[in-house]
1. Could you check segment B:316-332 and list, in sequence order, the residues that are in a loop (DSSP other than H, G, I, E, B) and either closer than 15 Å to B:HIS651 by Cβ or more than 8 Å from chain A (Cβ to nearest Cβ) (or both)?
2. Can you pull out every residue in segment B:62-72 that is more than 12 Å from chain A (Cβ to nearest Cβ) and within 11 Å of the ligand (Cβ to nearest atom)?
3. Looking at this structure, is B:TYR383 more than 30 Å from B:ALA486 (Cβ to Cβ), within 14 Å of chain A (Cβ to nearest Cβ) and under 27 Å from the mean Cα position of the chain (by Cα)?
4. Do we find that B:PRO118 is away from the ligand (no atom under 15 Å from the Cβ), buried (at least 22 other Cβ atoms within 10 Å of the Cβ) and farther than 30 Å from A:LEU79 by Cα in this structure?
5. Determine the pairs where a residue that is closer than 20 Å to B:PHE359 by Cβ and touching a residue at least 24 places away in the same chain (Cβ under 8 Å), located within segment B:229-253, has a partner that is aromatic (Phe, Trp, Tyr) and within 15 Å of the ligand (Cβ to nearest atom) with Cβ atoms under 8 Å apart, the partner being 6 or more residues away or on another chain.
6. Name, by its number, the condition in (1) open to solvent by less than 40 Å² (accessible area, probe 1.4 Å); (2) among the β-branched types (Val, Ile, Thr); (3) more than 17 Å from B:SER390 (Cα to Cα) that does not hold for B:VAL307.
7. Quick test for you: out of A:ALA78, A:ALA71, A:ALA105, pick the one residue that is more than 30 Å from B:ARG176 (Cβ to Cβ), at the interface with another protein chain (Cβ under 7 Å from one of its Cβ atoms) and hydrophobic (A, V, I, L, M, F, W, C).
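The values are calculated or read from the model by the stated rules, or taken from the named source; none is laboratory data. All figures in this text were calculated on a predicted structure; none of them were measured in a lab. Quick reminder, even Gly has a Cβ in these numbers, built from the backbone with ideal geometry, and neighbours come from all protein chains shown. Calculation scope for accessible area: heavy atoms of the full protein, side chains included, ligands and nucleic acids excluded. Shrake-Rupley method; radii C 1.70, N 1.55, O 1.52, S 1.80 Å.
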Amino acid sequence: MATAWKVWLCLLAIFIVALVSFGQPNATVRALPEYSAQVGEPCATCHVSPSGGGPRGPRGTAWVASSKPGAVPDLLQALEILGVRLTVDPLEYRAVTQEIDSAAAPEKTSIPSAELLEYLRDYEGN
Amino acid sequence: MPDNLDLKKPSDSSVTRRDFIKIGATAAGVGAALWAGSRLQKGSGVSSGPAGGAAIAAQSMEESLVRTACAMCPAGCGLEVRVVGGKAVKVEGNAIHPLNQGVCCLKGQASLEVLYSPERIRNPWRQLGARGSGDWEEISWDEAIDLVVEKLVALRQAGKPHSLALVHGELRGEMRGLVNRFMQVYGSPNTISTSSLGEQSVRLASYLTQGVNGLPVYDLNNASYVMAFGGNLLESSRHVISYLGSLAFMRRGRPQRGKLVAVHPRLSLTGIKADEWVPIRPGTYGALALGMANVIINSNLYDQDFVRDFTFGFEDFEDAAGNLHKGFKSLVLERYTLERVSAITGIAGETIARLAGEFATNRPAVAMLPTEPGELGSGNSLYSAMAIHSLNALVGSIDAPGGVLVQRYPTLAEWPEISLDGTALTGLGQPRIDGAGQADIPLALSALQQLPDRILHGEPYPVEVLLLLNANPVYDLPQGGRTAQALLQVPFVVSFASTLDESAAHADLILPASTFLEVWGDDFMEGTGYAGVTLRRPVVETLHNTRDPGDVLLALAKHVGGGLAEALPWKSYWELVRYRLSAIDTDWEIFESNGNWSEMVYFNASPGSAAWNRVVGRDRRLSPKDGRYDFFSRELYSLLANPRDEDCLPHFELPATLEDVGEFAQEYPFLLVSQALITQSQHWQGVVPTLQEAYGLQSHARWTSWVEMNPQAAEALGLEENEVVWIESQFGRVQAPVRFYPGLWPNAVFLPAGLGHSSRVKWGRGSPEALVVGVNPNVLVHMQSELLSGQAAFNPTRVKIYKA
Ligand code: SF4
C-alpha cells in the first residue's frame, strides 16, 4: 500500500512539474496558431514571416512584452510599449533627387599616421 | 545612481504563473509544501543598485526572473535568469529581446557553471614567490588597490606614464570608453586590444572601401543569396543567434526560399546546414571573390547603374594631374581569370562561374566577412576582405534590404571634458609599444602579436606596468614561450582574470573580476542595424570578494587623483553607465522592465538620399565623402607613399605557406586550419563542464582535443581512427587522437581552439587527475604581422603528423 502511494505521489509530482514547466518562459517564444486565433490577426501581424514563427517584428514583440493581451497593439502603440522614440527621420532615407555627385579623383593629402589611428580607434559600439 | 531599480514586468504574466502554481498545488493536494512560501516575482532579482548593497530576493524560496545581457560570446543576447532563494538556477533567453527573442544557446545556458565555478578566484591575490611559481597570498581590496596606485603614481612622477600598457579583449558597452579614457588621461598610448588576432582587417576593409569605420552587419532576413566566406556563421560569428533566426526564416519561413553557401576548408555545422558547402584551399578566399567578380563583370551581371553612380574606381580613370590609373574592372579581368583562380583556390572553374552567376542573379545577395580569430589571418586579410566586400557593391547590396547594413548606435551623454597635463601629453607623444602605426603597419589599430618580442627587446622602451583585462596572451599567442618570458620581464603585471588563466599565473597581482551575472552594465545591441542597448544587471549577489573591473578602474582613477580623477568622476561603473545612457529618449522604467531598449526599425538609405552619406563615406578622413563606394580606395591612395594602383585595389596575395613547394613543404605537408566552434567560449572562464561534454559536436569528442584529417590522407599515413598522433610544426608539437573527417580539404588538418588550458580543479572524465583539458593549437603557430593592416598572420601553418 505504501509503495502504491509513493508511485502515485511520483506520478503526481511529474504531472505538476509538467504543468508548471508548460508555463516556462521559453514556451512563450513559439509561434502558435492559437495566438493568431486569439487576437484575430494573421501570423504576419507579429512575425516577419507571413506563415508565423521565427523573428518577430515590433508589434509582435510589444504584444509579448505586454503579456499577450486580447489585441495586438498597432505600430505606434507597439513602439510606445517598447519605449521607442525614433531618433531618425524616415524621410531622409528616401532619394528625392536624381542628381548624382560627380566622382572626385584621389588626391594626396596627409595626416600623421598616429592621428589617423587615434581617430579610427575611436569607433562606436562594443 | 538609480533610486529604485526593481524590475517590474507587466503583472498579468506573473499572476498567471502564480495561478499555475496554485492550481497545481490545489489539484494535487501534495507538493504544496515544496512551493509553500514560494512567490514568483518576474523581473525582480537584485532590488537596488550596488551602492545600496544588493538586496537579493529572500533567503527563503522566493523566486524571480532577472533580465540581463549575456557575455559568453560577442552576440550579446538578452537573458532571463531564474533565481530561487538567491541562487541562479536556470538561464533562458529574454523573449522580448530583439536579437535572440527568447532563444538561448548552450553557452548562455552553461553560464551558471561560470558563475558557480570552483575555479573562481575569490579574493585579490598577490604572488609571493617568483612569478609563475603559484605561491599566492590573499590580500584585501584596499591593499591591492594601494599596490597598483603606488606603481601608477610612481610612473607618472618619473615622467614615464607611457610605460604603462593595458592589453584587453572584448570590451562591451561603456567599458571601452572607460578604458580608453583612463589610459589617455593617465598619459599612455598603449591600449592594446586583441583585434589584430580577429576582426581588425574587416573593420579596415569597411573603412577603406565603404568609408565606414565599423564591422558590417548583414540583413539575412531579406537576402535571397548568402555567401559566407570563411568563419562559422551559425556557430561562432559575432551575431550568431540573430543570424540563426534569420537564416531559418530566409530558408523556411517565407514564400521565396533563399540560399546559403558556406565557403571554408572545413565542413562545420554551418556548412552542414547550408544549401551548399564549397571546400576551398586554406587562405584563398580573396582569390575566389575576385574570380567571381571576373565572371560577374565579364557577363555584365553587375548592377551597372549603382556601379556608375555610387562607386569609384570601377573603370580606369585619370587623376587631377592627368595620370591614368587602373580600375577594378581592368584588374579583375586581366588577373583573375577562371583558370587562374581555380588553380589558386582548388575550386573547379565551373563551380566558380556558377556561384558567380547565382550570386549576381539572385538578388538581394550578400557576401559575408568572418571576424573570428585566424579566419582571415593568412597574411592577405585586408585585400581579401576588400575583395569579398566589393562583391556587395557589384550587385548593389550596400545598405539595401537583404544586403550590408551599417550598424547604428544611440546618441549618449557626452563624456565630460578632459584636460591633459604635461605628463600625459609627453606620454601620449611616445610611439606605441606594440608598434601599431609604424611604417610597415600604418593602419594597425593594435598589433598584439608583436608585443612579446618588443617587450623582450625593450623596444621602443621598457614596459614597467602591464594590466591584462579580458585577455590571456600567454594562451592566445604563446610565440614559442616568448609571451610568458615577456610577462616575466615586466616589473609589475596585474590581471583582472576571474580564474587562474595562463597569463594571470604570471602576474604579480590578480584583481579578480566578478562574472557578468554579478555586475551592472550595458551592452550595445549589434547585428540588427538599428540602435539598441541591453542592460546588464546582477542576478545574484556577488558570490565572492570580487569586483567589476569597471569599478576597479574608477577606484584607481580616484586614488591616482588629479586629471584622472576629474575625467572619471563616477563612484561606480553603474553610475557611469546610467549617466551615459541618460541621453536615450525613452521611459527608463520600460527600459529596465524589458531589459533592453532599441529603435526596432532599420531604415535603408536609398542611394542618393540625404541619409546615403551616413552609410557610404561617412568616416573618411583623407578622401571625399561623396557617397561613392571605393573599389579603388582613395583613402589608401592618400595614405600610402607612392602607391601602385594595385596597392589601392582589392587583389590577392598568395600566403607564404602556400607558395612554398620545396623541401620544407614536403617535410610539413599538412595545413593547419582553424574554425571556432559553438562550444568554445569567447574568453576562458575556466573549464565549463557542459561545454566540455559537447565540445566535439561532430567528432563526438569530449573533455579532450582531437585532430581531424581527411581519411585519404590519414590512410596514406597508415593511421587508424582514434590513434594518438603527434601534430608538429616548426614551433612546437602536441598530441591528440586522430578523427577521420571527409569534410576537410585534402591536406588540411583541424585542431579545435579553446582547449589546452590548465585548470586548478581536477576536472575531466577520462583522467580525473588531469589539470589540463586537451591541447592548445596556438603552440603550433608563430604569428607575424601582415603589412599595412598589422593583422596577425599565421594561417595556414604547415605541420606534419606521425604516430605517437
Ligand atoms: S549566442 Fe552568445 S550571447 Fe547569445 S546566449 Fe549564446 S553565448 Fe550568450
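1. B:ASP316, B:ALA321, B:GLY322, B:ASN323, B:LYS326, B:GLY327
2. B:THR68, B:CYS70, B:MET72
3. Considered against the rule, which asks whether it is more than 30 Å from B:ALA486 (Cβ to Cβ), within 14 Å of chain A (Cβ to nearest Cβ) and under 27 Å from the mean Cα position of the chain (by Cα), B:TYR383 comes out as no.
4. Answer is no for this residue.
5. B:LEU233/B:TYR243; B:LEU234/B:TYR243; B:SER237/B:TYR243
6. All conditions pass for B:VAL307, except number (3).
7. Only one candidate qualifies: A:ALA105.
Yes/no matrix, rows are residues, columns are (1) farther than 22 Å from B:PHE603 by Cα; (2) open to solvent by less than 20 Å² (accessible area, probe 1.4 Å):
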{"position": "B:ARG172", "(1), (2)": "yes, no"}
{"position": "B:GLY177", "(1), (2)": "yes, no"}
{"position": "B:VAL185", "(1), (2)": "yes, yes"}
{"position": "B:ASN222", "(1), (2)": "no, no"}
